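This report refers to the structure that appears directly beneath it.
The values are calculated or read from the model by the stated rules, or taken from the named source; none is laboratory data. Keep in mind that this is a model prediction, so the values were computed, not measured. Here Cβ is always computed from backbone atoms with ideal geometry, including for glycine, and neighbour counts include all displayed protein chains. Surface areas here come from the heavy atoms of the whole protein model, side chains and all, with no ligands, DNA or RNA. Shrake-Rupley method; radii C 1.70, N 1.55, O 1.52, S 1.80 Å.
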Amino acid sequence: MNTLLQKAIEEQVGVVEILTGKEALTLIDEQSFQLQWDSLYTSCPWSTVFQSRAFVYTWYQSYISIYTPVLAVAYQGEKLTGLLTLAQNDSGQLVGAGANQAEYQVWLADEQGSSAFIKQCVISLLKAFPQSEISIKFAPANTPLQWLDAEPKWQKICFRRTVRQPLLNLNKENLSQELSKKNRREKLNRLRRQGELSFVKITDAEEFFAVLDELI
(Lines give C-alpha, C1' and ligand atoms only; values in the text may rest on other atoms or scores of the structure.)
Protein backbone atom coordinates (compact mmCIF):
# COMPACT_ATOMS: atom_id res chain seq x y z
CA MET A 1 0.00 0.00 0.00
CA ASN A 2 1.19 3.55 -0.75
CA THR A 3 2.99 4.98 2.30
CA LEU A 4 1.08 8.25 2.25
CA LEU A 5 -2.22 6.39 1.98
CA GLN A 6 -1.27 4.12 4.88
CA LYS A 7 -0.33 7.14 6.99
CA ALA A 8 -3.65 8.81 6.17
CA ILE A 9 -5.53 5.68 7.23
CA GLU A 10 -3.62 5.50 10.52
CA GLU A 11 -4.40 9.12 11.26
CA GLN A 12 -8.09 8.39 10.75
CA VAL A 13 -8.14 5.70 13.46
CA GLY A 14 -8.06 8.32 16.19
CA VAL A 15 -7.03 7.98 19.81
CA VAL A 16 -7.63 4.60 21.42
CA GLU A 17 -9.54 5.04 24.67
CA ILE A 18 -9.24 2.49 27.48
CA LEU A 19 -12.32 1.94 29.68
CA THR A 20 -12.43 -0.35 32.70
CA GLY A 21 -14.96 -1.73 35.17
CA LYS A 22 -18.23 0.18 35.56
CA GLU A 23 -17.14 2.73 32.95
CA ALA A 24 -16.83 -0.06 30.35
CA LEU A 25 -20.17 -1.60 31.31
CA THR A 26 -21.88 1.80 31.17
CA LEU A 27 -20.66 2.26 27.60
CA ILE A 28 -21.91 -1.19 26.62
CA ASP A 29 -25.35 -0.28 27.97
CA GLU A 30 -25.63 2.69 25.60
CA GLN A 31 -27.89 1.87 22.67
CA SER A 32 -25.86 3.87 20.14
CA PHE A 33 -22.70 1.97 21.13
CA GLN A 34 -24.53 -1.35 20.90
CA LEU A 35 -25.65 -0.60 17.35
CA GLN A 36 -22.15 0.43 16.31
CA TRP A 37 -20.63 -2.66 17.94
CA ASP A 38 -23.07 -4.90 16.08
CA SER A 39 -22.28 -3.15 12.80
CA LEU A 40 -18.51 -3.41 13.30
CA TYR A 41 -18.81 -7.06 14.31
CA THR A 42 -20.86 -7.88 11.22
CA SER A 43 -18.50 -6.11 8.81
CA CYS A 44 -15.19 -7.33 10.30
CA PRO A 45 -13.90 -10.21 8.10
CA TRP A 46 -12.13 -12.06 10.94
CA SER A 47 -14.74 -11.67 13.69
CA THR A 48 -16.08 -14.76 15.45
CA VAL A 49 -19.10 -15.28 17.70
CA PHE A 50 -16.79 -14.66 20.68
CA GLN A 51 -16.52 -11.00 19.66
CA SER A 52 -20.27 -10.55 19.41
CA ARG A 53 -21.92 -8.18 21.87
CA ALA A 54 -24.24 -10.89 23.12
CA PHE A 55 -21.39 -13.21 24.08
CA VAL A 56 -19.05 -10.60 25.53
CA TYR A 57 -21.71 -8.82 27.61
CA THR A 58 -23.07 -12.11 28.97
CA TRP A 59 -19.56 -13.26 29.87
CA TYR A 60 -18.74 -9.94 31.58
CA GLN A 61 -21.90 -10.21 33.67
CA SER A 62 -21.29 -13.86 34.54
CA TYR A 63 -17.68 -13.39 35.63
CA ILE A 64 -17.82 -9.88 37.09
CA SER A 65 -16.62 -11.18 40.48
CA ILE A 66 -13.49 -12.67 38.90
CA TYR A 67 -12.67 -10.43 35.94
CA THR A 68 -12.78 -6.65 35.51
CA PRO A 69 -14.07 -5.64 32.04
CA VAL A 70 -11.60 -3.67 29.91
CA LEU A 71 -12.51 -2.06 26.58
CA ALA A 72 -10.19 -0.48 24.03
CA VAL A 73 -12.21 1.66 21.62
CA ALA A 74 -11.42 4.00 18.75
CA TYR A 75 -13.64 6.36 16.77
CA GLN A 76 -13.40 8.26 13.52
CA GLY A 77 -15.61 11.20 14.29
CA GLU A 78 -18.62 9.56 15.94
CA LYS A 79 -18.17 6.24 14.12
CA LEU A 80 -16.76 3.26 16.04
CA THR A 81 -13.76 2.04 14.00
CA GLY A 82 -12.02 -0.33 16.41
CA LEU A 83 -12.88 -2.43 19.44
CA LEU A 84 -10.87 -4.84 21.58
CA THR A 85 -12.68 -6.49 24.49
CA LEU A 86 -10.45 -7.62 27.35
CA ALA A 87 -10.67 -8.47 31.03
CA GLN A 88 -8.25 -8.21 33.94
CA ASN A 89 -7.99 -11.01 36.49
CA ASP A 90 -7.00 -10.79 40.16
CA SER A 91 -3.30 -11.16 39.35
CA GLY A 92 -3.45 -8.17 36.98
CA GLN A 93 -3.12 -10.14 33.76
CA LEU A 94 -5.17 -8.95 30.77
CA VAL A 95 -6.89 -11.63 28.72
CA GLY A 96 -9.33 -11.60 25.84
CA ALA A 97 -12.96 -11.35 26.89
CA GLY A 98 -14.24 -14.87 27.40
CA ALA A 99 -10.90 -16.13 28.74
CA ASN A 100 -10.97 -19.94 28.57
CA GLN A 101 -14.62 -19.87 27.45
CA ALA A 102 -13.71 -18.11 24.19
CA GLU A 103 -12.12 -20.24 21.49
CA TYR A 104 -10.98 -17.16 19.56
CA GLN A 105 -9.95 -13.73 20.85
CA VAL A 106 -9.32 -10.88 18.46
CA TRP A 107 -10.01 -7.20 17.85
CA LEU A 108 -12.69 -5.76 15.58
CA ALA A 109 -11.82 -3.17 12.93
CA ASP A 110 -12.15 -2.52 9.23
CA GLU A 111 -9.46 -4.15 7.06
CA GLN A 112 -7.65 -0.96 6.11
CA GLY A 113 -7.42 0.46 9.61
CA SER A 114 -6.87 -2.82 11.45
CA SER A 115 -3.09 -2.66 11.88
CA ALA A 116 -3.14 0.97 12.95
CA PHE A 117 -5.86 0.26 15.51
CA ILE A 118 -4.22 -2.75 17.17
CA LYS A 119 -0.81 -1.05 17.29
CA GLN A 120 -2.36 1.93 19.05
CA CYS A 121 -4.20 -0.51 21.32
CA VAL A 122 -0.96 -2.11 22.42
CA ILE A 123 0.63 1.27 23.14
CA SER A 124 -2.40 2.54 25.06
CA LEU A 125 -2.75 -0.67 27.07
CA LEU A 126 0.93 -0.70 28.01
CA LYS A 127 0.55 2.86 29.29
CA ALA A 128 -2.64 2.09 31.21
CA PHE A 129 -1.38 -1.26 32.58
CA PRO A 130 2.44 -1.00 32.67
CA GLN A 131 2.85 -4.01 34.96
CA SER A 132 0.37 -6.29 33.20
CA GLU A 133 0.91 -9.05 30.69
CA ILE A 134 -1.56 -9.09 27.80
CA SER A 135 -2.57 -12.56 26.58
CA ILE A 136 -4.82 -12.98 23.54
CA LYS A 137 -5.48 -16.49 22.27
CA PHE A 138 -6.33 -17.76 19.79
CA ALA A 139 -6.53 -15.48 16.72
CA PRO A 140 -8.49 -16.81 13.71
CA ALA A 141 -6.34 -17.81 10.73
CA ASN A 142 -7.37 -14.79 8.66
CA THR A 143 -6.53 -12.19 11.34
CA PRO A 144 -4.20 -9.52 9.86
CA LEU A 145 -0.91 -9.95 11.75
CA GLN A 146 1.51 -8.58 9.15
CA TRP A 147 2.20 -5.56 11.37
CA LEU A 148 4.06 -7.82 13.81
CA ASP A 149 6.70 -8.56 11.18
CA ALA A 150 6.78 -5.16 9.48
CA GLU A 151 8.59 -3.28 12.24
CA PRO A 152 11.27 -4.75 14.59
CA LYS A 153 9.95 -2.81 17.61
CA TRP A 154 6.77 -4.88 17.72
CA GLN A 155 8.76 -8.11 17.84
CA LYS A 156 10.44 -6.83 21.00
CA ILE A 157 7.20 -6.36 22.92
CA CYS A 158 4.87 -8.88 21.24
CA PHE A 159 5.29 -12.64 21.15
CA ARG A 160 3.42 -14.73 18.60
CA ARG A 161 3.23 -18.50 18.57
CA THR A 162 1.61 -20.70 15.93
CA VAL A 163 -0.60 -23.43 17.37
CA ARG A 164 -1.86 -26.41 15.40
CA GLN A 165 -5.57 -27.05 15.61
CA PRO A 166 -6.13 -30.64 16.76
CA LEU A 167 -8.71 -32.81 15.07
CA LEU A 168 -10.29 -35.90 16.60
CA ASN A 169 -10.59 -39.01 14.47
CA LEU A 170 -14.16 -40.13 15.06
CA ASN A 171 -13.83 -43.78 14.12
CA LYS A 172 -15.52 -46.22 16.49
CA GLU A 173 -12.33 -47.29 18.32
CA ASN A 174 -11.00 -43.78 18.94
CA LEU A 175 -14.42 -42.49 19.96
CA SER A 176 -14.81 -45.29 22.51
CA GLN A 177 -11.40 -44.50 23.98
CA GLU A 178 -12.20 -40.80 24.16
CA LEU A 179 -15.56 -41.33 25.86
CA SER A 180 -14.00 -43.63 28.45
CA LYS A 181 -11.85 -40.83 29.87
CA LYS A 182 -12.86 -39.60 33.31
CA ASN A 183 -13.59 -35.98 32.32
CA ARG A 184 -15.65 -37.16 29.34
CA ARG A 185 -17.67 -39.54 31.53
CA GLU A 186 -18.40 -36.71 33.96
CA LYS A 187 -19.71 -34.52 31.16
CA LEU A 188 -21.85 -37.33 29.76
CA ASN A 189 -23.32 -37.99 33.21
CA ARG A 190 -24.29 -34.32 33.53
CA LEU A 191 -26.01 -34.52 30.15
CA ARG A 192 -27.86 -37.70 31.14
CA ARG A 193 -29.25 -35.98 34.20
CA GLN A 194 -31.03 -33.58 31.84
CA GLY A 195 -32.69 -36.36 29.85
CA GLU A 196 -32.10 -39.32 27.58
CA LEU A 197 -28.74 -39.22 25.79
CA SER A 198 -27.90 -40.92 22.51
CA PHE A 199 -25.41 -40.47 19.68
CA VAL A 200 -26.90 -40.18 16.21
CA LYS A 201 -25.03 -39.82 12.92
CA ILE A 202 -26.94 -37.48 10.62
CA THR A 203 -26.30 -37.90 6.91
CA ASP A 204 -29.40 -36.21 5.50
CA ALA A 205 -29.09 -32.47 4.81
CA GLU A 206 -32.72 -31.67 5.59
CA GLU A 207 -32.54 -33.51 8.90
CA PHE A 208 -29.32 -31.66 9.77
CA PHE A 209 -30.81 -28.23 9.10
CA ALA A 210 -33.92 -29.20 11.08
CA VAL A 211 -31.85 -29.70 14.26
CA LEU A 212 -29.16 -27.06 13.62
CA ASP A 213 -30.78 -24.31 15.68
CA GLU A 214 -31.13 -26.65 18.67
CA LEU A 215 -27.50 -27.75 18.34
CA ILE A 216 -26.32 -24.16 18.22
Based on what the data block shows, is ARG164 closer than 22 Å to GLN51 by Cα, open to solvent by 70 Å² or more (accessible area, probe 1.4 Å) and free of Cβ contacts under 8 Å to residues at least 12 places away in the same chain? yes
Enumerated helices (runs of 4 or more DSSP H) restricted to the range 88-160, each holding at least 3 residues that are among the β-branched types (Val, Ile, Thr): 114-128
Just to be sure I understand, how many residues within the range 114-130 are surrounded by 20 or more Cβ atoms within 10 Å (Cβ to Cβ) and under 26 Å from ILE64 (Cα atoms)? 2
Every residue in the range 42-67 that is in contact with a helix residue (DSSP H, G or I) (Cβ under 7 Å, 6 or more places away or on another chain) and surrounded by fewer than 19 Cβ atoms within 10 Å (Cβ to Cβ), please. VAL49, SER52, ARG53, PHE55, TYR57
Among ALA54, ALA97, ALA8, the single one that is more than 23 Å from ASN142 (Cα to Cα) and either among the small types (Gly, Ala, Ser) or modelled with pLDDT of 95 or more (or both) is ALA8
Kindly indicate whether any position in the range 193-203 is touching a helix residue (DSSP H, G or I) at 6+ places or on another chain (Cβ under 7 Å) and either open to solvent by less than 70 Å² (accessible area, probe 1.4 Å) or not in a loop (DSSP other than H, G, I, E, B) (or both). yes
On the basis of being outside any helix (DSSP H, G or I), modelled with pLDDT under 90 and more than 27 Å from GLN34 (Cα to Cα), does ARG184 make the cut? no
Among the residues listed as GLU133, GLU103, GLU111, the single one being surrounded by fewer than 18 Cβ atoms within 10 Å (Cβ to Cβ) and farther than 29 Å from SER62 by Cα: GLU111
